[in-house]
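Laboratory data are not the source of any read-out in this text; all were calculated from the coordinates shown. Here the structure is a predicted model, which is why all the values come from computation and not from measurement. Because the Cβ atoms are built from the backbone with ideal geometry, glycine has one as well, and the counts that use them run over all protein chains shown.
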């Protein structure tokens with residue numbers, strides 16, 4: 001079973017056991033990055049990464065990188 | 001008046017009035033690597049009045065696929081990036097007053113370097129120096145800082161200080177990363193450099209010409225097609241040590257001793273001596289001529305091979321030790337030569 005989210009403008013399938021923002025970040029291998037997460041146009045604070053994720057949610061994630 | 005900027009003036013949001021404002025702009029470009037090269041070229045072509053571009057490094061073969069101001073001859077001549085950038089940018093537009101400075105930007109010199117410019121364009125390669133620039137911009141009265149960063153096929157931008165009530169970089173970075181992805185670890189392709197710099201420069205042109213816009217944190221991945229644009233207004237922190245009502249500017253207060261850094265994208269350690277110890281390159285070259293091999297000496301630097309490593313000494317009191325990421329080994333090599 002999977003659910004489909006809109007991730008940074010692309011349709012993205014994730015396992016349905018990925019239930020919240022924290023688990024999504026782990027699924028995407030982004031959990032140890034410095035990042036800003038937006039769920040349905042609202043920024044999710046770090047202490048609210050247990051916010052549930054549902055089918056068709058719109059999610060934007062921007063992580064910081066060093067290079068340039 | 002020639003027609004040089006006519007197509008830019010025909011663009012209605014700029015017009016002749018906007019072009020006059022661009023002409024008055026005094027720009028500080030922090031770093032003359034990939035982003036600094038791309039942004040610098042766009043800004044001189046656009047016709048800004050003055051550019052200062054600073055960098056601590058020399059040009060290397062591994063730079064040429066993405067650092068658009070440089071040529072093979074610059075590598076052969078072992079030119080510092082700031083010197084080659086000044087030459088190339090002046091050749092592109094001799095109306096612009098371009099100054100390249102070979103220097104390592106530190107808490108001790110950052111304010112003096114930036115003071116007198118209208119804003120900062122980010123061409124750096126690590127988060128620590130971005131936070132230093134962020135503090136310096138705030139300390140100098142809130143100069144705009146057009147942040148940009150990229151690795152792989154991914155880049156992000158965020159214009160800071162262009163509108164009241166917006167967060168600074170420190171507000172966004174609660175925890176400092178122990179390690180971020182760098183060009184050294186995951187590589188980088190030139191299209192994301194140009195894309196990232198283009199966003200920075202577009203925001204610069206909008207800012208100079210007085211266009212109203214809400215700054216957003218934006219990212220793009222050119223390989224996957226992913227894009228994101230987040231309004232981060234709500235992340236402004238009233239307790240931020242850098243931009244609150246009673247700032248301490250923590251990144252400006254670091255005290256300097258012998259400093260070391262492993263350079264991004266390079267198997268190289270940089271050693272910086274305290275209190276700007278200056279190397280007298282001419283006399284030093286004579287004194288080590290018998291000790292080292294492959295000695296190259298130009299007005300900006302002295303390069304040689306010693307102890308199995310290529311060394312580059314800059315007049316401003318720095319040495320690059322190539323062929324190692326081991327700071328202790330690099331210090332030992334330097335001590336062997338300098339005493």
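Would you mind ranking B:242, B:94 by Cβ crowding within 10 Å, fewest neighbours first?
B:94, B:242
Simple spin-label model, 7 Å along Cα-to-Cβ: residue B:198 to residue A:41 in nm?
It works out to 2.8 nm between the two label points.
Okay, which of the range B:128-169 sit inside 12 Å, backbone N to the point 7 Å along the Cα-Cβ direction of residue B:65?
Under cut-off, by backbone N: B:152-153.
Take the Cβ-Cβ distance between residue B:23 and residue B:174 as r, set R0 to 35 Å, and report the resulting FRET efficiency rounded to the nearest 0.05.
It comes out at approximately 0.30.
Taking beta carbons within 10 Å but only from partner chains, what does the mean come to for residues B:236-244? Kindly include the intermediate steps, with their values, before the conclusion.
Working: counts 0, 0, 0, 0, 0, 0, 0, 0, 0.
Mean shielding by partner chains, rounded to a whole number: 0.
Angle, helix B:81-92 long axis vs. longest principal axis of chain B, Cα atoms, 0 to 90°, nearest 10?
The helix B:81-92 is inclined about 50 degrees to chain B.
To the nearest 0.05, how large is the calculated FRET efficiency for residue B:2 and residue A:27 if R₀ is 51 Å and r is the Cβ-Cβ distance?
0.35
Hey, what did chain B get for relative contact order, percent, Cα under 8 Å, at least 6 apart?
Relative contact order of chain B: 14 percent.
What is the distance in Å between the Cα centres of the range B:44-60 and the range B:298-317?
Here the answer is 23 Å between Cα centres.
Between residue B:280 and residue B:231, what FRET efficiency comes out of the Förster formula 1/(1 + (r/R0)^6) with R0 = 51 Å and r the beta carbon distance, rounded to 0.05?
FRET efficiency, residue B:231 to residue B:280: 0.45.
By the gyration tensor of its Cα atoms, with a ≥ b ≥ c the square roots of the eigenvalues, what is the shape of the range B:196-339: rounded for a/c under 1.5, prolate for a/b over b/c, or oblate?
Note, shape of the range B:196-339 comes out prolate.
Could you line up B:168, B:243, B:150, B:304 from fewest to most neighbouring Cβ atoms inside 10 Å?
Taking fewest neighbouring Cβ atoms as first place, the list is B:304, B:243, B:168, B:150.
For the range B:259-338, what is the relative contact order in percent, using Cα pairs closer than 8 Å and at least 6 residues apart in sequence?
Values: 131 pairs, mean separation 26.5, N = 80.
The normalised contact order for the range B:259-338 reaches 33 percent.
Among A:1, B:147, rank each residue by its count of other Cβ atoms within 10 Å, from fewest to most, as a rough exposure measure.
A:1, B:147
Expressed as an acute angle from 0 to 90° and rounded to the nearest 10, what is the orientation of the C-alpha long axis of helix B:327-338 relative to the principal long axis of chain B?
60 degrees
How much length is gained on full extension from residue B:326 to residue B:298, taking 0.36 nm per residue of separation minus their Cα-Cα distance?
On the way: separation 28, 0.36 × 28 = 10.08 nm, distance 2.74 nm.
Additional length available on full extension: 7.3 nm.
Using only the C-alpha atoms of chain A, find the volume of their convex hull and express it per residue in Å³.
91 Å³
Which angle from 0 to 90°, rounded to the nearest 10, does the C-alpha axis of helix B:15-24 make with the longest principal axis of chain B?
That works out to roughly 30 degrees.
Subtract the Cα-Cα distance of residue B:253 and residue B:223 from 0.36 nm times their separation in residues, and report this length gain in nm to one decimal.
Contour length minus Cα-Cα distance gives 6.8 nm.
What shape does the range B:1-137 have by the C-alpha gyration tensor, where a ≥ b ≥ c are the square roots of the eigenvalues, rounded means a/c under 1.5, and otherwise prolate means a/b greater than b/c and oblate the rest? Mind showing how you got there, number by number?
On the way: a/c = 2.13, a/b = 1.31, b/c = 1.63.
The shape class here is oblate.
With a/c under 1.5 counting as rounded, go ahead and sort the range B:6-252 into rounded, prolate or oblate using the C-alpha gyration tensor (a ≥ b ≥ c being the square roots of the eigenvalues; past the cut-off, prolate if a/b is larger than b/c, else oblate).
Cα axes put the range B:6-252 in the rounded bin.
Could I have the simple spin-label model distance between residue A:1 and residue B:186, label points 7 Å from Cα toward Cβ, reported in nm to one decimal?
With each label placed 7 Å out from Cα toward Cβ, I get 3.2 nm.
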